[in-house]
Amino acid sequence: MRGRVVRILAGVCWVDDGAREWPCKVRKRLLKSSRTFPIAVGDTVVFEPVGAEGVVTARLQRKTKLSREAAGDRGVEQVIAANIDQVVVVASVRLPPLSFTAIDRLLVSAESGGLASLVCINKVDLGGEEDAERARALYERVHYRVVLTSARTGQGIEALRAELRDKVSVFAGESGVGKSSILMAIQPGLKLVTREVSTATERGRHATTHVSLLKLSFGGYVLDTPGITHFKNYNIKPADLQLCFPEFAEWAARCRFRNCLHRNEPGCAVSEAARTDAIPAARYASYLEILGSIIERQRPDWETRKIGQRSI
Ligand code: GDP
Ligand code: ZN
């Protein structure tokens, strides 16, 4: 039988076969094959039913994965979730104020993991229509889908449901932008664990046990990731950051130097495009800021050890 792992608690994988959830142990041979627990939430697995329970015998190839460095185990990848289809990058117009850089950092995380993403601007009931529309124009211009919502009034919630239908999504965004509120508006009664788990636990060794897939009644799943607002990125190299800004590509091809980092190099077509608004200036500013933090982080010891995975 086949199913999707929706939760892992104390080494038991809860597998949804479409009709019900099966508590499954993992076959020993599979456990021995990996340094960390071989199954993650979101994995599609093959299992053998034994009465009302089951044994996971194989894991299918992962389409995508969200990872971070295993706590206390430098350089070891810990997969938080597998087979996520899209990241919903949430920001709010007010409280906290709208930050394009915060949005761009999360879009970069998604791009670097090969995940599709969409932008959700929440709290539109608090005013600031102009700011919300500016954000919409900016991100639609660079080909992201954008939804404006209010978890309070319900505005835009139906449009967001349509974006989530039949997909596996994860919500990301600064604390306080309204991620949990939006999820509750989308499906009242959804059992979020988010609020019960402290940041300390999130950093702890057993973090993955609190990650779960919540089934949406209209089709699809949402990954509930307590306290995880930033994905840890696997080592984005400075030269690769531009790939996370898809709208740069056509300009980057015209730079004078092939290895151009698009800062202020002579003959840089990207910085020139930002000056003439052929590339949105806000996106270019985010690029420079993120590039700066990547370079800064790598500097002290970048030749002496393999750079681990860190958040951007
Ligand atoms: P999270 O940290 O991203 O999960 O944010 P929460 O869902 O906990 O929301 C943070 C605060 O913002 C709470 O006090 C919510 O009641 C409030 N909030 C969330 N969405 C909205 C909204 O659309 N409009 C308004 N006015 N407040 C909201
Ligand atoms: Zn350039």
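The values are calculated or read from the model by the stated rules, or taken from the named source; none is laboratory data. As the structure is a prediction and not an experimental result, all values here were calculated from the model. In case anyone asks, the SASA skips ligands and DNA or RNA and just uses the protein heavy atoms, side chains included. Shrake-Rupley method; radii C 1.70, N 1.55, O 1.52, S 1.80 Å.
Averaged over its residues, the range 2-59 has an accessible area of 54 Å² per residue, based on protein heavy atoms and a 1.4 Å probe.
Using a probe of 1.4 angstrom, how much of the accessible area of the range 2-59 is carbon and sulfur, in percent? Don't jump to the answer; show the numbers that get you there.
Working: 1680 of 3110 Å².
Carbon with sulfur: 54 percent of the solvent-accessible area.
All Cα-Cα distances of the range 238-298, cut into 10 Å bins from zero to the largest, leave 24, 61, 14, 0 percent in each bin in turn.
In this structure, the amide hydrogen of Ser99, modeled 1.01 Å from its nitrogen in the peptide plane, lies closer than 5 angstrom to those of Ser92, counting only residues at least 5 positions away or on a different chain. Listed by chain and number, the lysines whose alpha-carbon sits under 25 Å from that of Lys237, ignoring those within fewer than 8 places in the same chain, are Lys63, Lys65, Lys306. List the residues, sorted by chain then number, that are 5 or more residues from Leu223 or on another chain and whose placed amide H is less than 5 Å from its amide H. For Leu223, the qualifying residues are Ser169, Val170, Phe171, Leu214.
Multiply the residue gap between Thr36 and Ile295 by 0.36 nm, knock off their C-alpha separation, and tell me the result in nm, one decimal place. List each step's numbers first, then the result.
Details: separation 259, 0.36 × 259 = 93.24 nm, distance 2.96 nm.
Length gained, Thr36 through Ile295: 90.3 nm.
Proximity of backbone amide H atoms, modeled 1.01 Å from N, is registered between Ala278 and no other residue at under 5 Å, excluding neighbours fewer than 5 places apart on the same chain. Within the range 2-59, the proportion of C-alpha pairs whose separation exceeds 20 Å stands at 11%. Each residue of the range 265-281 was assigned a 3J(HN,Hα) from its phi angle through the Karplus expression (A = 6.51, B = -1.76, C = 1.60, θ = phi - 60°), giving 4, x, x, 7, 6, 6, 5, 5, 5, 5, 5, 9, 6, 6, 10, x, 4 Hz with x at Gly and Pro.
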